[in-house]
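Here is the structure we will look at.
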Amino acid sequence: MKIPSAALHKLQQAAGKENVLTDDISLSLYAYDCSLSRTRPDALINLPSEDSIAPILRVLHEYRIPFVARAAATNHAGSCTALNGGVILNTAGLNRILQINTQEGYALVQPGVITGDLQDRLAPLGFFYAPDPASQRVSTLGGNLAQNASGARCMKYGGTIDHVLEADFVLPDGTEMHFSRRDPGPDWIGLLAGSEGTLGMIKRMKVKILPAAKHIKTFLVTFPSLADSVQTVSDLAAQGIIPRCVEAMDQVTTRAVEEFAHAGYPTDAQALLILELDGSPAQIAQDEKQLEDICLKNHAQQFIPAKTEAERQKLWFGRRAAYAAMARLAPNVMVGDGTVPRSELPRALQKVRHILDEHHIYASLLFHAGDGNFHPQIVFDERNKPDTIRVTRALKEILEACVDCGGTVSGEHGVGVEKRAVMAYQYDTPTLDLFTHIKQAADPLDLANPLKLIPLDYASKARPALPPEPSVRPLAQALADRRQAHAPILIAGANTCLRAKTFHTLSTRPLNRVLEIDKTNYTATAEAGVTLNELFEALRQASVFCALPQSPGTLGGAFASGCMPDFYPHVLGVEALLPDGSYVRYGGKLMKNAAGYHLTHLFAGSQGTLGLVTQLTFKIFAHPIRPVHVYPFVPGRVNPLWRALKTRLDPEDLFPALPGEPYV
């Protein structure tokens with residue numbers, strides 16, 4: 001598209017004339033990211049300040065000019081390319097660390113702060129920022145949130161989604177908003193994580209920082225086959241052991257890394273694991289013995305602890321150099337990002353090997369194995385069109401194999417445009433419709449990073465939608481009856497939070513089954529009407545634990561009321577009835593999922609206003625865990641995004657915000 005001269009003039013006024021660039025060199029430099037996508041924007045704006053974001057977006061909205069927020073552009077999915085032309089908004093200059101508060105455990109940062117720079121500032125203070133993507137020396141904190149990046153420490157500490165406490169955000173029309181994890185209502189920060197800039201722009205972030213571990217021990221373990229190393233990880237998870245990091249590599253990776261980084265990896269081993277523990281010396285010693293026993297049971301050849309901090313850093317330098325090491329071998333590297341339940345890693349690996357062999361493809365395999373997330377790194381030359389087509393087809397088949405194993409097409413790299421089509425293989429039409437409604441609610445003109453995430457014309461390609469379980473059907477019929485009568489209804493569990501008396505309520509208590517306690521993946525699945533006392537007893541009988549307290553309230557109430565926000569990161573999957581009667585399914589036994597908007601966080605704290613949660617899958621543990629804090633119930637305060645979502649999903653206000661009160 002061509003930007004009107006009047007719009008260009010207003011943009012120059014908002015950003016400064018020197019920051020609005022339209023020359024060929026600038027546009028060419030911002031026409032690509034780490035994917036195969038190549039699309040030139042019509043203008044580049046180097047943002048001079050965070051306060052310039054809203055005025056610029058208001059101009060773009062006025063003239064209906066699409067935009068893409070971008071900083072380091074290290075993603076591998078084509079998330080940062082301007083498919084519809086328009087403007088690239090470069091946030092790299094917004095790189096100030098505004099405050100570090102070690103007493104309260106947070107850092108206040110602009111979105112362009114490089115992740116590694118924050119780590120460097122924190123280290124002398126005895127603190128660290130837990131998310132550690134391999135690109136941390138280049139990638140930015142805002143980009144990490146937009147992609148929900150994680151890294152090697154994700155198994156124990158979680159990804160970016162779990163470490164952002166507050167965010168200042170600007171909707172595509174220039175509306176400024178402030179989100180906090182302690183606000184009643186949906187978990188907006190969780191919804192932004194992994195949204196890839198399709199809902200607006202991050203202006204400022206408050207991130208959690210943690211005291212650095214005083215004791216860390218790292219191990220290099222070699223195996224005669226990659227299958228043995230992956231089975232080790234499955235067995236480790238089945239024992240309920242949660243190391244700080246669990247990384248796996250095949251021989252192709254280790255040899256490439258050794259030639260490039262000289263990390264000290266044995267090149268004769270078919271596979272290796274890097275295992276890391278932190279905690280007290282006594283706990284590390286106990287876990288080390290269990291780790292070694294599990295590794296030896298799976299035919300480990302060497303179990304070598306790093307003797308010094310220098311040795312430990314050398315091992316991690318090699319792991320972080322894996323992409324660069326493979327990039328030396330060919331002009332291009334295509335990186336996969338499929339994720340499966342940890343118990344499915346061995347089966348997924350067999351499928352991946354078969355696909356690579358069938359297509360005669362040379363690739364390395366490395367894993368965030370503790371999360372079930374693996375990265376095939378396929379080397380090729382994009383100038384060879386048949387080669388590029390073959391590699392692209394193979395990666396699509398690999399992602400579909402992950403879905404067939406109960407997994408997802410992206411664990412941390414996002415969808416962008418490169419994986420957009422395969423999203424229809426993972427999700428059914430009702431779930432993709434909900435993704436579309438979320439996008440339209442925040443961005444009705446489709447200006448924010450358009451044509452990303454959601455597959456085109458998905459209705460004919462999406463996974464077939466399965467009907468709800470028989471236990472859900474009476475509730476679905478009750479909703480249909482109320483909708484036909486244009487009569488609002490209040491969703492409740494045991495009614496311990498709302499304590500509604502005069503309003504027509506629909507209770508989830510008939511959904512009272514604990515469906516599965518999986519001690520291989522350490523997940524549980526239960527219907528929303530199960531009381532926490534009933535759940536506690538079922539887990540006790542299975543000798544496992546969860547983060548919820550005992551209570552007469554229900555599982556759905558604990559999740560949707562907003563009283564237990566610290567439980568949100570434990571929820572891995574959700575099923576829900578929407579006001580129009582459609583049924584959506586998201587997630588499952590996955591430790592991470594970056595494919596689409598995080599529906600678990602949309603329904604978390606939504607207080608029954610966006611849908612009726614029927615089922616949850618959540619983490620359980622082998623050892624007791626401190627219960628989450630229970631806050632008083634506070635009705636959510638309506639904000640523009642919530643109101644827009646509500647209008648899209650429930651235009652007749654079937655699920656009002658408060659008993660007998662309209663949602664305005």
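The values are calculated or read from the model by the stated rules, or taken from the named source; none is laboratory data. Computed from a predicted model, the values in this text were never measured in an experiment. Ideal geometry is used to build each Cβ from the backbone, glycine not excepted, and the neighbour counts take in all protein chains shown.
Looking at the stretch 380-391, which of its residues are outside any strand (DSSP E or B) and without any contact (Cβ under 8 Å) to a residue 60 or more places away in the chain?
Result: 381, 383, 384, 385, 386, 387, 389, 390, 391.
Looking at the stretch 200-269, what strands (runs of 3 or more DSSP E) fall wholly within it and have at least 1 residues that are of a type in the set (Val, Ile, Thr) and modelled with pLDDT of 95 or more?
Where strands (runs of 3 or more DSSP E) fall fully within the stretch 200-269 and carry at least 1 residues being of a type in the set (Val, Ile, Thr) and modelled with pLDDT of 95 or more, they are 201-208, 216-223.
Can you confirm whether residue 50 is without any contact (Cβ under 8 Å) to a residue 12 or more places away in the chain and under 27 Å from the mean Cα position of the chain (by Cα)?
Here the answer is no, as residue 50 does not meet what is asked.
Please go through the stretch 275-309 and pick out each residue that is of a type in the set (Val, Ile, Thr) and either loosely packed, with under 15 Cβ neighbours inside 10 Å or not in a helix (DSSP H, G or I) (or both).
Listed by number, the residues that qualify are 304, 308.
Test residue 264 against the criterion of being surrounded by 22 or more Cβ atoms within 10 Å (Cβ to Cβ), touching a residue at least 24 places away in the same chain (Cβ under 8 Å) and out of contact with any Pro (no Cβ under 8 Å at 6 or more places or on another chain), and give yes or no.
So residue 264 does not fit the description; no.
Can you spot a residue in the stretch 616-628 that is modelled with pLDDT of 95 or more, within 20 Å of residue 432 (Cβ to Cβ), touching a strand residue (DSSP E or B) at 6+ places or on another chain (Cβ under 6 Å) and not polar (S, T, N, Q)?
There is no residue in the stretch 616-628 that is modelled with pLDDT of 95 or more, within 20 Å of residue 432 (Cβ to Cβ), touching a strand residue (DSSP E or B) at 6+ places or on another chain (Cβ under 6 Å) and not polar (S, T, N, Q).
Mind checking whether some residue in the stretch 374-384 is among the polar types (S, T, N, Q) and farther than 30 Å from residue 137 by Cβ?
Yes.
May I ask you to say which residue of 41, 48 is at pLDDT 95 or above, closer than 26 Å to residue 205 by Cβ and surrounded by 19 or more Cβ atoms within 10 Å (Cβ to Cβ)?
The conditions single out 41.
If only one of 36, 60, 11 is touching a residue at least 24 places away in the same chain (Cβ under 8 Å), touching a helix residue (DSSP H, G or I) at 6+ places or on another chain (Cβ under 9 Å), outside the structural domain of residue 174 (by TED's automatic domain parsing) and in a loop (DSSP other than H, G, I, E, B), which one is it?
Selected residue: 36, the only one of 36, 60, 11 that is touching a residue at least 24 places away in the same chain (Cβ under 8 Å), touching a helix residue (DSSP H, G or I) at 6+ places or on another chain (Cβ under 9 Å), outside the structural domain of residue 174 (by TED's automatic domain parsing) and in a loop (DSSP other than H, G, I, E, B).
Just to verify a result, which residue in the stretch 14-32, among those that are outside any helix (DSSP H, G or I) and without any contact (Cβ under 8 Å) to a residue 60 or more places away in the chain, is surrounded by the most Cβ atoms within 10 Å (Cβ to Cβ)?
Taking the candidates together, the pick is 20.
What pairs can you find where one residue is in the stretch 368-379 and in a strand (DSSP E or B), the other is buried (at least 23 other Cβ atoms within 10 Å of the Cβ) and of a type in the set (S, T, N, Q), and their Cβ atoms are less than 6 Å apart, with a gap of 6+ or different chains?
Sorted first by the residue in the stretch 368-379, then by its partner, the pairs are 373/339; 377/364.
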